[in-house]
Amino acid sequence: MKGKIFIKERIKNIGIGFLICFLFTFMLLIFGPAEIYFVNVSEFKFVYGEFVWILSGIAVASAIVAGFIAAFLPAVARKVLWSVLFGLSVAGYAQVMFINEGLDLLGMNPEGYQVANGQAVVNGIIWLAILALVIALSLWKEKIWQGLICFGAVFLIGIQATAWISLMLSAEDVAYKYEEGAWYLSGEDQFVVSANKNIIVLVLDYFSNQYIEPTMEKYPDLLDCLNDFTYYNNTDCTYFGTYPSIAHVLSGSEVDPSIPVNEWTSRIWQDERAEGFYQALQGQDYVCNIYTPESNMICGMNSAEILKGLFSNVTNQGQDFNVDYGLLIKTMTKMSGYRMFPYAVKPYLYTNVDEYSEIITPKSMGVSHENHRYYGHLLEERLKTDDSSNYYIFQHLSGAHNYNINEKGELKEDSTLEETAKGCMVIVEEYLNQLKELGVYDDATIIITSDHGSPRDSQVIFFMKNANETHDEMAVSSAPVSLNEFQATIAQAAGIDYTPYGPAVGDISPTEPRERTVWVRLYVDTLPSVPKYTGEGESVSNAYCGFTYTGDIEDLWEKYDAGPDIVIPETDGFF
């Protein structure tokens, strides 16, 4: 009789243990990744089936093993373990539903997650209070505690499972199968330059002008490879963010927040300005290739086919992909934990955008964007020349958007800003050296810049060498320029009449008292929230805020801290 009671009690404990453990693993490994994925499906290159079965298997297996082990622990240890897991699950649910505010799930901040100490302390106290309450109840009121954790686990699994099923049923086909015949930007000729004339633009993402000084303190030789260049140290990006900055500089069109993102990104490539500009370049025998991994940054949800006729590397040839399943599982688990756990833990789980962009990579014809991957290909493949035409190359690299390379340009997790910035310039130096080896450096016009800096530090690096320009040492200009002058500068370098596009960078005098406006996407409390351009939830911004200044970065800082001069509501937001 005692044996039967013992076995019955063990089976009951295994069942309860599985239920409590599965609540935690279900939230962390099944529902959390699903909600992140389906709400941001357009940002991911992989389909849901690549990871759902693996994570679900791990969640169930972990719960079975943990539940079985816990059933054979001493009573007090078992109750504390169950209480901790249940308390973490309840606190995690509360964190997601009621506490998280404006959480950057897509890893857009290179400095990672940051929170005020006071806010983290209050949040931590809430978590500790929930854990303490559940543990205390298990020791003082066991029957009530057992009923609470069992009912609570079933309830929380039930409502989240219902939401999970709803997400899966309402998702579009793109979440489940790879699109066939899709248009994209090919990287097949990414390491090909002209044997004749080249206009080459190297864009280092998120590289603020203010990164130069602290990096040079550690690496004084940072800019030694740029002796033939002019450094325009008073350049602003006009628009904060890869979107809309790259679309703006390539098309020449100002952003129109009064219309949806998808409509604006369709209009700009059919506009007379963009069509006339690229037709003029082609008339000068230039092949125009743009290398950026995400065509949605310049096309929105429109097909990259709208770029056909403007850029030469637009194609719909089929691609094969490699999936890094280890990185996929690690990344989705980290992102789910980042979403679920308290503020104090989030910095350790923050997943930068470039981390999940490396999960699926083309076997061939893909664009190399991540610094270390591009550098590796550059060293292995080396630049080659084509003597059939001139080349205009727009090369977008991850730059300082993610601190993940060392001072040699090699992959390094948890790198620093200074190491990353130095590594970026090592990549630039190698590129320039290979141009010299091919004998095409002297005749090339080369620009090294960034699409944007941080919202407050919206002045960016801008180094330029005109064709056949040489210096003993790098020249410096404090001319008040911006990326508004980008298109005119390219046209001038190509020998095209650039007056329709405004002044070129070299036309602006350092002494000119020039008024400029930097536009930053922000959330303004007095305006209503707006949807994301993909239709997947709400945007983190709802307005374009303009900061107009005359002078240099200190004047811009003063303006930014004082508040915007102009606020234009968005119809929808990109992020």
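The values are calculated or read from the model by the stated rules, or taken from the named source; none is laboratory data. None of these values were measured; they are calculated from a predicted model. Positions of Cβ are generated from backbone atoms using ideal geometry, with glycine treated the same way; all protein chains shown enter the neighbour counts.
Points worth noting:
- Condition broken by residue 450, with the remaining ones in (1) modelled with pLDDT of 95 or more; (2) closer than 28 Å to residue 544 by Cα; (3) touching a helix residue (DSSP H, G or I) at 6+ places or on another chain (Cβ under 8 Å); (4) in the same structural domain as residue 246 (by TED's automatic domain parsing) satisfied: (3)
- Selected residue (criterion: farthest from the chain's Cα centre (by Cα)) from residues of the stretch 72-98 that are without any contact (Cβ under 8 Å) to a residue 40 or more places away in the chain and closer than 19 Å to residue 119 by Cα: 94
- Taking residues in the stretch 475-504 that are assigned by TED's automatic domain parsing to the domain that holds residue 248, and partners anywhere that are at pLDDT below 95 and among the small types (Gly, Ala, Ser), not one pair has Cβ atoms closer than 7 Å while being at least 6 places apart or on different chains.
Yes/no matrix, rows are residues, columns are (1) in a loop (DSSP other than H, G, I, E, B); (2) within 20 Å of the chain's Cα centre (by Cα); (3) buried (at least 19 other Cβ atoms within 10 Å of the Cβ); (4) among the polar types (S, T, N, Q):
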position	(1), (2), (3), (4)
402	yes, yes, yes, yes
409	yes, yes, yes, no
419	no, yes, yes, no
437	no, no, no, no
443	yes, no, no, no
463	no, no, yes, no
470	yes, no, no, yes
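- Flag for residue 280 being crowded, with 17+ Cβ neighbours inside 10 Å, out of contact with any Leu (no Cβ under 9 Å at 6 or more places or on another chain), of a type in the set (A, V, I, L, M) and more than 18 Å from residue 399 (Cα to Cα): yes
- When 37, 113 are screened for being part of a loop (DSSP other than H, G, I, E, B) and of a type in the set (Ser, Thr, Tyr), only 113 passes.
- Test: residue in the stretch 367-374 that is of a type in the set (Lys, Arg) and modelled with pLDDT of 85 or more: yes
- Qualifying residue in the stretch 89-106 (condition: buried (at least 16 other Cβ atoms within 10 Å of the Cβ), in the same structural domain as residue 9 (by TED's automatic domain parsing), part of a loop (DSSP other than H, G, I, E, B) and in contact with a Ser or Thr (Cβ under 9 Å, 6 or more places away or on another chain)): yes
- Within the stretch 480-575, strands (runs of 3 or more DSSP E) holding 2 or more residues that are touching a Leu at 6+ places or on another chain (Cβ under 6 Å): 543-550
- The condition of being assigned by TED's automatic domain parsing to the domain that holds residue 153 and at pLDDT below 95 holds for only one of 11, 30, 54, that being 11.
- Enumeration of residues in the stretch 160-196 that are of a type in the set (A, V, I, L, M), touching a Leu at 6+ places or on another chain (Cβ under 9 Å) and in a loop (DSSP other than H, G, I, E, B): 195
Condition check ((1) surrounded by fewer than 19 Cβ atoms within 10 Å (Cβ to Cβ); (2) touching a residue at least 40 places away in the same chain (Cβ under 8 Å)) across all residues:
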| residue | (1), (2) |
| --- | --- |
| 7 | yes, no |
| 10 | yes, yes |
| 18 | no, yes |
| 26 | no, yes |
| 36 | no, yes |
| 59 | no, no |
| 63 | no, yes |
| 70 | no, yes |
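- Evaluation of residue 262 against (1) in a loop (DSSP other than H, G, I, E, B); (2) within 19 Å of residue 542 (Cβ to Cβ) (one fails), failing number: (1)
- Residue among 290, 246 that is within 30 Å of residue 550 (Cβ to Cβ) and crowded, with 21+ Cβ neighbours inside 10 Å: 246
- Considering residues of the stretch 509-524 that are exposed (fewer than 15 other Cβ atoms within 10 Å of the Cβ) and modelled with pLDDT of 95 or more only, the residue nearest to residue 478 (Cα to Cα): 510
- Of the residues making up the stretch 276-329, those that are of a type in the set (A, V, I, L, M), without any contact (Cβ under 8 Å) to a residue 60 or more places away in the chain and farther than 23 Å from residue 51 by Cβ are 297, 298, 306, 310.
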